[in-house]
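I have placed the structure first, in the form of structure tokens, so that the comments after it can refer back to it.
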Amino acid sequence: MKVQKVLSGTVVLLLAALIVVSWSSSALAQTNNQQTDTRDDETNLDTQLFLLVATNQPVSDEKLPASLDGVVKQLRATLPFKNYRLAATLINRVKNDGRLDLSWIGGPVATTTAGSSSTVNPSFSQFKVRNVKLARNSGGETVVQMAGFNFGMRIPIQVGQVAVNGGIPAINYENTGLSTDISVREAEPVVVGTLNVGPSGDAIILVVAAKRTQR
């Protein structure tokens, strides 16, 4: 009888020990998963915004980044412009599932035509993305979703004649911009949209790319 009681007590203790070990393993696995998720949440993305100016006027430098060769080839096949030049390149880092918001002051965007004023008037630009996030499309490819993509620019437009003897021309600032939601393949530059920029006949081409940063 005593032997049976001892054996029964031993079995109970073994079962209790197995339960404790099982619970500890489960808790450890959950903790490890949480740590892995935390590391994944710290993924950063490099975003690139290229501002191309499409024009029929001669440009001083037609050389563009090699990464835009495919984009420019596409533009030449679809738009009636002779030349393209790079007006600005903006590179920014944003956390995965984060947001982006920046503003800057730049030089004139439109090409100066004959008879226009040589006075340099700045342009004011703003680029926002409400949410930048890695995702997968229906084909299983990694894409970067940009929800609330917004680009806006205030461009100086000459509205009065240039006075003789160095007079100052009348300038008005006009707003132009674009808002959309897009998904782009990782590291692949794509055209987001085209904006006309006044009587010069030029156009701004918005090109964007995004990819994960190298750790």
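The values are calculated or read from the model by the stated rules, or taken from the named source; none is laboratory data. All values reported here derive from a predicted model rather than from experimental measurement. Cβ: placed from backbone, ideal geometry, glycine included. Neighbour counts: every protein chain shown.
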inquiry  = Within region 124-144, does at least one residue satisfy the condition of being surrounded by 15 or more Cβ atoms within 10 Å (Cβ to Cβ), outside any strand (DSSP E or B), acidic (Asp, Glu) and at pLDDT below 95?
reply    = no
ask   = Within region 167-178, can one find any residue that is modelled with pLDDT of 90 or more, of a type in the set (Phe, Trp, Tyr) and touching an Asp or Glu at 6+ places or on another chain (Cβ under 9 Å)?
value = no
task = Could you tell me which of the residues 156, 199 is assigned to a loop (DSSP other than H, G, I, E, B) and either at pLDDT below 90 or within 23 Å of residue 56 (Cα to Cα) (or both)?
result = 199
message = Whether any residue in region 94-114 is assigned to a helix (DSSP H, G or I), at pLDDT 75 or above and polar (S, T, N, Q) is what I want to check.
response = no
